[in-house]
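The values are calculated or read from the model by the stated rules, or taken from the named source; none is laboratory data. If you're wondering where the values come from, they're calculated on a predicted model, not measured in any experiment. All Cβ positions, glycine included, derive from the backbone under ideal geometry; neighbour counts span all protein chains shown. Areas reflect the complete protein model, heavy atoms only, side chains present, ligands, DNA and RNA absent. Shrake-Rupley method; radii C 1.70, N 1.55, O 1.52, S 1.80 Å.
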Amino acid sequence: MSHRPKIAVWKQSSCDGCQLSLLDCEDELLAVLGAVDLAYFPEATSTEKKGPYDVSLVEGSITMPHDVERIKKIRAESKVLVTIGACATSGGIQALRNFRNHAEMMAIVYARPDYIQSLATSTPIADHVPVDYELRGCPISKEQLLEVLTALVNGRSPRLPRHPVCLECKIKGHVCVMVAHQTPCLGPVTHAGCGALCPGYSRGCYGCFGPSDDPKTSPLAKRFLAQGVPAEQVGRLFLTFNANAPPFKAEGLLHGGVESKSAPPTNGGK
Amino acid sequence: MESHAPWQVGSKAILSVTGLGDLLGRLWAGGRQVVGPVVRDGAICLGPVRTIADLPKGLTDEHGPGTYRLKPRGDEALFGFTVGQHAFKRSILLPEVALVQLRRKGRDVEVEPATPKTQPLALLGVRACDAAALGIQDKVLCGGPYADSDYEARRADVLVIAVQCTNAASTCFCASMGTGPHLSNGFDLALTELLSPTHRFLVEVGSPAGATLANQLELTPVSEGDLSDAKTAEQAALTQMGRHLETAGLREKLQQNPDDSHWENVANRCLSCANCTMVCPTCFCTTMEDRTDLTGDIATRIRRYDSCFSEAFAYVHGGSVRPTVRARYRQWLTHKLSTWVDQFGSLGCVGCGRCITFCPVGIDITAEAKAVGAPARTG
Ligand code: SF4
Ligand code: SF4
Ligand code: SF4
Ligand code: SF4
């Protein structure tokens, strides 16, 4: 990577929370601005330098026809493409629509659905173009964002372990909410990176970092059922921020995590 | 105290509850950090114990596979529970620690070994299984081919104030492993908590450092009655011990059955979440992480806990040598209960039961070890 990489920050369908993590790096912000050339970041600066870019950080999922064209253009002018957040890496919470009848939903929400151009599904960036690194989470962790930027500036690969949250949880020394409080926790199947934030506040992990490297969702779901969690609720646990991530999707649908009677669409939104 | 001092290694005496408070005060005043049982978030954890008010008074813990509950005991006991989620290894083999820092100074690199500025420790409430586990980690990490200088530095000044178990959990099986429930060595002072007729502690001196400490305390001589009360109290732990593991022939059995169908059976239940290894007081596996700052002028090498259950742990060029949960669980169980003997001369399990309680799906090492290669259904 060049000495001061030229960086662009892009947004597809998303809430802005992840790109704002960059501005949330209060203590490190000056160092970051010194180390990188922030060439395109509409949320933060009006200067707009043209591509090509060394690094593109992409937030958001693909939900509209023009998103597909746009992401191809971004990929073409970026040396390294990093997707940031649950929307970009799995399709986000808006991927819940993937399990419903799209036309019916449009009719419920919009007075003139014919004005709306929207795909039947919300899909991750990696379904459309090759991605170099993924930052998980809803939102992403500021530490992981800094790690990726630091690694790219220094020309090494970023350290983004893919093991379950439990390992981080135990390193922190949090009391296990599953064992000590019988609170359902997705930590055993969720990708590390948040530092076990939720168990640190005595809450179960909601799985916002998506599936870990080898997620064993089936024995975990069996455990939830055995401790008395109703099947539908087990399904819903898996179908939130990363509902479209294949292991969570499969486990969630198995337990009836969606109420819809309509068949989920089969097209991949591509 | 003048009339009975000096207390020596092997001496037994009686310490009052206020005397225990005095002991804590002296340890802190002497610059030691006292780490022992404290209540946090509905569980007994390890943390700083400054006064006896910090101890889990009147509480006990109920253990089962994948479940843990605190319950009131209906008395004033300060140590009326067994082992919790935290093992004392967290104070010596730290979960995460910086080992070395490199700083770029012009064209030079300055090496700053992060020599630990260690505060002397006193570990309070160490049980027989915990003391045995400390011994096992010492064997692995002090001297020898796997010596770890950070561990050695932190281990150098640690007082062990043990507590003899007077109750046991349904997950305990130290008696099978020959490590407990009675602790006969590996401590500086050992306390047996006696609740009636008066609340007091029988103290046994286990080392010269323990004797020095004992000679600063208000101790009174033991009576026959105290000794028999202690014996009765300790007997309860043995009676309550909830689990058993047959160790005769275990080492051979596990090594002879790498293809047993039971490994697949466990693999279908195991989450490969690493909780068992994180809570185990003998598991010592770590990984190294190098971190740099944005400018690239400072690089820090961190050592943190890792586990044979994480896929990346067994990653070598081209892939993981243990890509399946079956292979990872087999590695763990076989190391603990078999190849540890070949490597370090003892079993790697002390029977504390933590891995059973703190496995989110309640996988039971004693049941799995029994089932592998069981004659009824070998295959
Ligand atoms: S609280 Fe959740 S993340 Fe933490 S160890 Fe327990 S199951 Fe794992
Ligand atoms: S514990 Fe789970 S839900 Fe909470 S921040 Fe971490 S990954 Fe997200
Ligand atoms: S293997 Fe389990 S029972 Fe044995 S020492 Fe480790 S945690 Fe305790
Ligand atoms: S045995 Fe239990 S604690 Fe250990 S990795 Fe498997 S599920 Fe996790």
Q.
If I ask for residues that are touching a Ser or Thr at 6+ places or on another chain (Cβ under 8 Å) and away from ligand 3 (no atom under 16 Å from the Cβ), which ones from the range B:159-179 would you list?
A. B:Val163, B:Gln164, B:Thr166, B:Asn167
Q: Collect the residues in the range A:17-54 that are part of a helix (DSSP H, G or I), in contact (Cβ under 8 Å) with a residue 40 or more places away in the chain and open to solvent by less than 50 Å² (accessible area, probe 1.4 Å), keeping them in residue-number order.
A: A:Gly17, A:Cys18, A:Gln19, A:Ser21, A:Leu22, A:Val32, A:Ala35
Q. Is one or more of the residues making up the range A:113-130 without any contact (Cβ under 8 Å) to a residue 40 or more places away in the chain, under 30 Å from A:Leu30 (Cα atoms) and away from ligand 4 (no atom under 16 Å from the Cβ)?
A. no
Q.
Being within 12 Å of ligand 2 (Cβ to nearest atom) and not hydroxyl-bearing (Ser, Thr, Tyr) is the requirement here; does A:Leu146 meet it?
A. no
Q: Find the residue count for the range B:303-348, including only residues that are at pLDDT 95 or above and touching a strand residue (DSSP E or B) at 6+ places or on another chain (Cβ under 7 Å).
A: 4
(Q) Consider the range A:159-180. How many of its residues are touching a Gly at 6+ places or on another chain (Cβ under 8 Å) and within 7 Å of chain B (Cβ to nearest Cβ)? (A) 7
Q: Determine which member of the set A:Val165, A:Val175, A:Val179, A:Val189 is open to solvent by less than 30 Å² (accessible area, probe 1.4 Å), within 16 Å of ligand 3 (Cβ to nearest atom) and modelled with pLDDT of 95 or more.
A: A:Val179
Q: Would you mind stating whether B:Tyr146 is of a type in the set (Phe, Trp, Tyr) and either open to solvent by 40 Å² or more (accessible area, probe 1.4 Å) or free of Cβ contacts under 8 Å to residues at least 40 places away in the same chain (or both)?
A: yes
(Q) Tell me yes or no: at least one residue of the range B:283-294 is among the charged types (D, E, K, R) and more than 29 Å from A:Cys176 (Cβ to Cβ). (A) yes
Q) If you take the residues in the range A:194-207 that are buried (at least 24 other Cβ atoms within 10 Å of the Cβ) and touching a Phe, Trp or Tyr at 6+ places or on another chain (Cβ under 9 Å), which one is nearest to the other protein chains (Cβ to nearest Cβ)? A) A:Gly207
Q. Wholly within the range B:1-111, which strands (runs of 3 or more DSSP E) include no fewer than the required count, namely at least 1 residues that are more than 30 Å from A:Thr183 (Cα to Cα) and open to solvent by 70 Å² or more (accessible area, probe 1.4 Å)?
A. B:12-16, B:96-105
Q: For the range B:154-168, indicate whether the set of residues that are in contact (Cβ under 8 Å) with a residue 40 or more places away in the chain, in a loop (DSSP other than H, G, I, E, B) and out of contact with any Asp or Glu (no Cβ under 8 Å at 6 or more places or on another chain) is non-empty.
A: yes
Q.
Looking for something at positive phi and more than 10 Å from chain B (Cβ to nearest Cβ) - is there at least one such residue anywhere in the range A:141-158?
A. no
Q | Pair list, Cβ under 6 Å, 6 or more apart: the range A:221-233 residue at pLDDT below 95, other residue part of a loop (DSSP other than H, G, I, E, B) and open to solvent by 40 Å² or more (accessible area, probe 1.4 Å) | A | A:Gln227/A:Gln182
